[in-house]
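Student: The structure that follows is given in the form of structure tokens.
The values are calculated or read from the model by the stated rules, or taken from the named source; none is laboratory data. In this text, all values refer to a predicted model and were calculated from it rather than measured experimentally. Counting neighbours? That spans all protein chains shown, and the Cβs are built from the backbone with ideal geometry, glycine included.
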Amino acid sequence: MKKELQPENCIKRVPIFKNLSSRELDEIILIASHQKLNKGEFIYSAGDELSSLYVIHKGKVKISRITDDGKEQVLRILSDGEFLGELALFQKKHTNTYAEAIEPCVVCLVENKVLSELMEKSPTLSLKMMNELSSRLEKAEALIEHSNLYSAKAKVARLLLELEKNGLVTFVTTKVTLASNLGITPETFSRKLKELEVEKSIQILDNKNIRLKDYEKLEFIINPDRV
């Protein structure tokens with residue numbers, strides 16, 4: 001096995017395992033293994049019973065669900081160092097979501113029974129896990145609010161502001177996935193980007209990169225009563 005793909009290197013780069021003792025890290029490394037996935041392959045599908053914590057070692061994974069009307073809703077995109085399947089640590093659970101590799105991936109698996117036993121002995125690990133779950137719950141609630149309250153244009157404006165770094169936005173996944181995550185169609189997503197460009201709020205550099213030009217206009221679209 002290549003050195004960078006060994007369980008030791010996977011576990012040590014995960015934020016929730018940071019600051020654990022050497023003994024605690026060794027215990028996790030001993031129960032960790034790797035799984036390689038090609039683009040389009042699934043870590044798990046709706047209805048599967050989860051038995052491991054899955055850590056993304058390399059690549060990106062899309063977490064989605066199918067709505068009652070048969071449409072895909074993207075819940076989040078995970079990348080290096082992030083994890084999924086954590087709810088199985090607390091109870092046997094059949095998932096209602098899909099975890100799909102959207103590019104070639106290496107996933108580190110940690111068997112949940114042994115990890116649960118370690119959490120009982122490690123307040124540091126337990127606290128980190130609770131903090132992460134709390135953060136995810138907050139994001140899920142924000143996503144629900146976002147989907148229910150905002151127009152399509154406001155959803156796109158908010159996404160751009162969330163992804164902005166040094167005045168630029170770079171899409172790390174497809175517009176189809178981004179649109180699904182916002183609860184709109186890809187056609188609507190592209191149309192709203194064009195509208196924002198015509199209004200001189202943004203400049204579309206290419207298919208993946210956008211420059212933000214007027215932050216106040218974008219904020220006004222999201223919250224017209226607060227600007």
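Student: So, of the residues in segment 1-40 that are surrounded by fewer than 15 Cβ atoms within 10 Å (Cβ to Cβ) and more than 24 Å from the chain's Cα centre (by Cα), which turns out to be modelled with the lowest pLDDT?
Tutor: MET1
Student: Filter segment 103-125 down to the residues that are more than 20 Å from HIS34 (Cα to Cα) and surrounded by fewer than 15 Cβ atoms within 10 Å (Cβ to Cβ) and list them by number.
Tutor: Within segment 103-125, GLU117, GLU120, LYS121, PRO123 qualify.
Student: When residues of segment 62-75 are filtered for being in contact with a Ser or Thr (Cβ under 8 Å, 6 or more places away or on another chain) and either surrounded by 18 or more Cβ atoms within 10 Å (Cβ to Cβ) or among the hydrophobic types (A, V, I, L, M, F, W, C) (or both), how many remain?
Tutor: 5
Student: Another one. Output the number of residues of segment 76-88 satisfying the condition of being surrounded by fewer than 19 Cβ atoms within 10 Å (Cβ to Cβ), under 19 Å from ILE11 (Cβ atoms) and over 13 Å from the mean Cα position of the chain (by Cα).
Tutor: Total meeting the criteria: 1.
Student: Sticking with this structure for a sec: If a residue has to be at pLDDT 90 or above and either touching an Asp or Glu at 6+ places or on another chain (Cβ under 9 Å) or among the aliphatic types (A, V, I, L, M) (or both) to count, how many in segment 164-181 make the cut?
Tutor: 2
Student: A further question follows. Quick one: which of VAL61, VAL74 is at pLDDT 85 or above and not charged (D, E, K, R)?
Tutor: VAL61
Student: Take the residues in segment 163-180 that are touching a helix residue (DSSP H, G or I) at 6+ places or on another chain (Cβ under 7 Å) and outside any helix (DSSP H, G or I), then tell me which one is surrounded by the most Cβ atoms within 10 Å (Cβ to Cβ).
Tutor: Checking each candidate, the answer is VAL169.
Student: Still on this structure, I have one more. Which of the residues that make up segment 89-102 are surrounded by 14 or more Cβ atoms within 10 Å (Cβ to Cβ), at pLDDT 80 or above and over 21 Å from CYS10 (Cβ atoms)?
Tutor: Once the filter is applied, which keeps residues that are surrounded by 14 or more Cβ atoms within 10 Å (Cβ to Cβ), at pLDDT 80 or above and over 21 Å from CYS10 (Cβ atoms), segment 89-102 yields THR95, THR97, TYR98.
Student: Check off (1) more than 26 Å from LEU30 (Cα to Cα); (2) of a type outside the set (D, E, K, R); (3) assigned to a strand (DSSP E or B) for GLY70 and give me the number that stays unchecked.
Tutor: Status for GLY70: all satisfied but (3).
Quick grid of which residues meet (1) under 23 Å from the mean Cα position of the chain (by Cα); (2) over 20 Å from ILE102 (Cα atoms):
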site	(1), (2)
VAL172	yes, no
THR177	yes, no
SER180	yes, no
VAL198	no, yes
ASN207	yes, no
GLU216	no, yes
ILE222	yes, yes
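Student: On the given criteria, is THR67 without any contact (Cβ under 8 Å) to a residue 60 or more places away in the chain, among the β-branched types (Val, Ile, Thr) and within 22 Å of LEU159 (Cβ to Cβ)?
Tutor: Criteria met by THR67.
Student: A follow-up question, please. Given (1) surrounded by fewer than 17 Cβ atoms within 10 Å (Cβ to Cβ); (2) closer than 27 Å to GLY59 by Cβ, identify the lone condition not met by VAL156.
Tutor: Status for VAL156: all satisfied but (1).
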